[in-house]
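The structure under discussion appears below in the form of structure tokens.
The values are calculated or read from the model by the stated rules, or taken from the named source; none is laboratory data. These numbers were taken from a predicted model, which means no experiment stands behind them. Virtual Cβ from ideal backbone geometry, glycine too; neighbours counted across all protein chains shown. Only protein heavy atoms, including side chains, enter the accessible area calculation; ligands, DNA and RNA are left aside. Shrake-Rupley method; radii C 1.70, N 1.55, O 1.52, S 1.80 Å.
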Amino acid sequence: MSGPQQETDHPDNKSRLNGDSHESFLKAPDFQNFEHSPRVLVIGAGSRGTAYAEAILQGTNATIAAVCEPIDSKRESFGKRFIWTNKQSKQSDQHFINWREWVEYEEKRRKEEVGGKQTEPGIDAVFVCVLDEMHEEVVCGIAHLGVHICCEKPLSTRLESCVKMYKALNNAKKDSAAEGKKEPIFGICHVLRYSPHNMLLRHLVREKEVVGDILSIEHCEPVGWWHFSHSYVR
């Protein structure tokens, strides 16, 4: 057998034609349609906050419900692009100068809701996209509300700060359990999880099961010079 037919009959080529190649794992996940569209708050309307807002609207049916941002021009630009796009005017529950202002609003909204007053829906998830040294005050300041939190990397600039956040989140977890509520999820964003080599490793381990049961993993971060320089300026 020779020519194109020989190439088609080769096992490796058949796998590629069937979408079973190692490259298939790089395919973006399908659009996420949640049964109840999550309402998302973005704290920090800079490059990270904007990137997450774009990803949320492009890949899910979630709603960017509000933004916290101290710089007026950034807050206004973010809101027009992602929140009050089709409305004549913005609502007071859609924009806040900082996270403290939102917490004050949310605590008041919940009290009114418990009292039987009709209120706007609450926030389901929060993206923390402020400066690294501000992560602690934001995460610890909103943890008690029991919302899902996604924090930009790094978690913090000091170990002591990380421990404080852990305790605040753990307390929130216990409070949610005591009230019979769903446990809030906390995540830290890290771009390397989407690097092709890490995605291939995950594909081989979880989907291809090439190494059997995983008992222990020791991982050395494969970074380039740009990561080192970025860490240096931090």
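Do we have any residue at all in region 152-173 that's surrounded by 19 or more Cβ atoms within 10 Å (Cβ to Cβ), touching a Cys at 6+ places or on another chain (Cβ under 8 Å) and acidic (Asp, Glu)?
Yes, region 152-173 has at least one match.
I'd like the residue in region 1-48 that is aromatic (Phe, Trp, Tyr) and surrounded by 10 or more Cβ atoms within 10 Å (Cβ to Cβ) and, out of all such residues, is modelled with the lowest pLDDT. Before you say what the answer is, go through the steps one by one.
The initial filter retains those residues of region 1-48 that are aromatic (Phe, Trp, Tyr), namely 25, 31, 34.
Pick out the ones that are also surrounded by 10 or more Cβ atoms within 10 Å (Cβ to Cβ) and you get 25, 34.
On the way: Phe25: 72, Phe34: 92.
It comes out as Phe25.
When region 85-112 is examined, which residues are found to be modelled with pLDDT of 95 or more and surrounded by 14 or more Cβ atoms within 10 Å (Cβ to Cβ)? First the steps, then the outcome.
Kept after step one, since they are modelled with pLDDT of 95 or more, are these residues of region 85-112: 94-112.
Matches in region 85-112: Gln94, His95, Phe96, Asn98, Trp99, Arg100, Trp102, Val103, Tyr105, Glu106, Arg109.
If Leu201 satisfies every condition in (1) modelled with pLDDT of 90 or more; (2) surrounded by 13 or more Cβ atoms within 10 Å (Cβ to Cβ) but one, which is the exception?
(1)
Taking only region 108-130 into account, find how many residues are of a type outside the set (Gly, Ala, Ser) and touching a residue at least 12 places away in the same chain (Cβ under 8 Å). Let's see the steps before the verdict.
Residues of region 108-130 of a type outside the set (Gly, Ala, Ser): 108-114, 117-121, 123-124, 126-130.
Narrowing further to those that are touching a residue at least 12 places away in the same chain (Cβ under 8 Å): 109-110, 120-121, 123-124, 126-130.
Residues flagged as of a type outside the set (Gly, Ala, Ser) and touching a residue at least 12 places away in the same chain (Cβ under 8 Å) within region 108-130 amount to 11.
State the number of residues belonging to region 52-82 that are more than 20 Å from the chain's Cα centre (by Cα) and open to solvent by 60 Å² or more (accessible area, probe 1.4 Å). Before the answer, list the steps.
Within region 52-82, the subset more than 20 Å from the chain's Cα centre (by Cα) is 70-74, 76-77, 80.
Filter once more, so that each one left must be open to solvent by 60 Å² or more (accessible area, probe 1.4 Å): 70-74, 77, 80.
Counting residues in region 52-82 that are more than 20 Å from the chain's Cα centre (by Cα) and open to solvent by 60 Å² or more (accessible area, probe 1.4 Å) gives 7.
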